[in-house]
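Engineer: My questions all concern the structure below.
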Amino acid sequence: DVDECERRPEKAYLLNTKVVENLSNWVEKNSPCYLLQISTDQVYDGKGPHNESAVMLKNYYAFSKYTGELFALKALGGVLRTNFFGRSCVNGRHSFSDWIIDNLKSRKPINVFENVFINPLLISTLCKMIALMVENCQYGVFNLGSREGFSKADFAFKLAKEFGFDDSNMTRVKLNDTHLTAYRPKDMRTNSDNFEKFFNVALPKLSDEIILLNKEYCESAK
């Protein structure tokens, strides 16, 4: 919860930094375990796609996650800066795509940002990439996102089209028109070339990930 982190930075520290510090200290002293931290694309701002060195911290959420990265690396672990969507398995916790689909189904009016850009992966794809990191116990920081990427508004409208929903309940708005507690980066697209080269994989296009999400919904409904 980015806004909650901004309102309560001490809570952000405890959840996103201190937990990783505790795990890192335990790994260093007691076990040769491999520590992998799932970090965030919110450590970037400005025009993307961003390389791993282009860190620009603009809110407490990003700061707490980045500080956690330092402790993961201290334990010779790995860090994945990523963003993801797909069907949530956590009660009461919806992903971005869950939120869009639920509101498309209920016809509730929603606003979608036309000037915030992302390149997330589908959760099932992300899990496969996490497995590569774990199998290799790979040290270091890697961006991990889909190819291309587009605005959150385009994501929402492409998802509606793929699922066959009427999209008339969605309105394109600009981030500046909202009143959020925390500053939000406008372009969080990441350059994942390093991950692709190191693990010899080709990451999918975001449009293809949306198609795959629809297939997963169809298969689960059988």
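Engineer: Looking only at residues in the stretch 49-63 that are part of a loop (DSSP other than H, G, I, E, B) and out of contact with any Gly (no Cβ under 8 Å at 6 or more places or on another chain), which one is least open to solvent (accessible area, probe 1.4 Å)? Steps first, answer last, please.
Structural biologist: Quick first cut of the stretch 49-63, residues part of a loop (DSSP other than H, G, I, E, B) only: 49, 51-59.
Add one more test, that the residue is out of contact with any Gly (no Cβ under 8 Å at 6 or more places or on another chain), and what stays is 51-53, 55, 57-59.
Details: Asn51: 80, Glu52: 28, Ser53: 111, Val55: 51, Leu57: 63, Lys58: 89, Asn59: 10 Å².
So, considering only residues that are part of a loop (DSSP other than H, G, I, E, B) and out of contact with any Gly (no Cβ under 8 Å at 6 or more places or on another chain), the one least open to solvent (accessible area, probe 1.4 Å) is Asn59.
Engineer: Any residue at all in the stretch 35-48 that is aromatic (Phe, Trp, Tyr), surrounded by 14 or more Cβ atoms within 10 Å (Cβ to Cβ) and outside any loop (DSSP other than H, G, I, E, B)?
Structural biologist: In the first step, residues of the stretch 35-48 are kept if they are aromatic (Phe, Trp, Tyr); the result is 44.
Still in the list and also surrounded by 14 or more Cβ atoms within 10 Å (Cβ to Cβ): 44.
Subsequent filtering for residues that are outside any loop (DSSP other than H, G, I, E, B) retains none.
Taking every residue of the stretch 35-48 in turn, none turns out to be aromatic (Phe, Trp, Tyr), surrounded by 14 or more Cβ atoms within 10 Å (Cβ to Cβ) and outside any loop (DSSP other than H, G, I, E, B).
Engineer: Please go through the stretch 93-102 and give me each residue that is open to solvent by 30 Å² or more (accessible area, probe 1.4 Å), without any contact (Cβ under 8 Å) to a residue 24 or more places away in the chain and assigned to a helix (DSSP H, G or I), ordered by number.
Structural biologist: Initially, the stretch 93-102 is screened for residues open to solvent by 30 Å² or more (accessible area, probe 1.4 Å), giving 93-94, 96, 99, 102.
Then drop every residue that is not without any contact (Cβ under 8 Å) to a residue 24 or more places away in the chain, which leaves 93-94, 99, 102.
Hits for the stretch 93-102 are Trp99, Asp102.
Engineer: What do you reckon, is Glu21 farther than 24 Å from Glu135 by Cα and either basic (Lys, Arg) or surrounded by fewer than 19 Cβ atoms within 10 Å (Cβ to Cβ) (or both)? Let's see the steps before the verdict.
Structural biologist: Working: farther than 24 Å from Glu135 by Cα: no; either basic (Lys, Arg) or surrounded by fewer than 19 Cβ atoms within 10 Å (Cβ to Cβ) (or both): yes.
Taking the combined requirement at face value, the residue does not satisfy it.
Engineer: Conditions: (1) touching a residue at least 24 places away in the same chain (Cβ under 8 Å); (2) of a type outside the set (Asp, Glu); (3) out of contact with any Asp or Glu (no Cβ under 7 Å at 6 or more places or on another chain). His179 meets all but one. Number of the miss?
Structural biologist: Answer for His179: the failing condition is (1).
Engineer: Hey, another quick one. Is it the case, given these coordinates, that Val90 is open to solvent by less than 80 Å² (accessible area, probe 1.4 Å) and aliphatic (A, V, I, L, M)?
Structural biologist: Details: open to solvent by less than 80 Å² (accessible area, probe 1.4 Å): no; aliphatic (A, V, I, L, M): yes.
Answer is no for this residue.
Engineer: Regarding Val2, is this residue buried (at least 16 other Cβ atoms within 10 Å of the Cβ) and of a type in the set (A, V, I, L, M, F, W, C)? Steps first, answer last, please.
Structural biologist: Working: buried (at least 16 other Cβ atoms within 10 Å of the Cβ): yes; of a type in the set (A, V, I, L, M, F, W, C): yes.
Criteria met by Val2.
The values are calculated or read from the model by the stated rules, or taken from the named source; none is laboratory data. Note that the structure is a prediction, hence the values are computed from the model and not measured. When we count neighbours, we look across all protein chains shown, and the Cβ atoms used for this are built from the backbone with ideal geometry, even at glycine. For accessibility, only protein heavy atoms count, side chains too; no ligands or nucleic acids. Shrake-Rupley method; radii C 1.70, N 1.55, O 1.52, S 1.80 Å.
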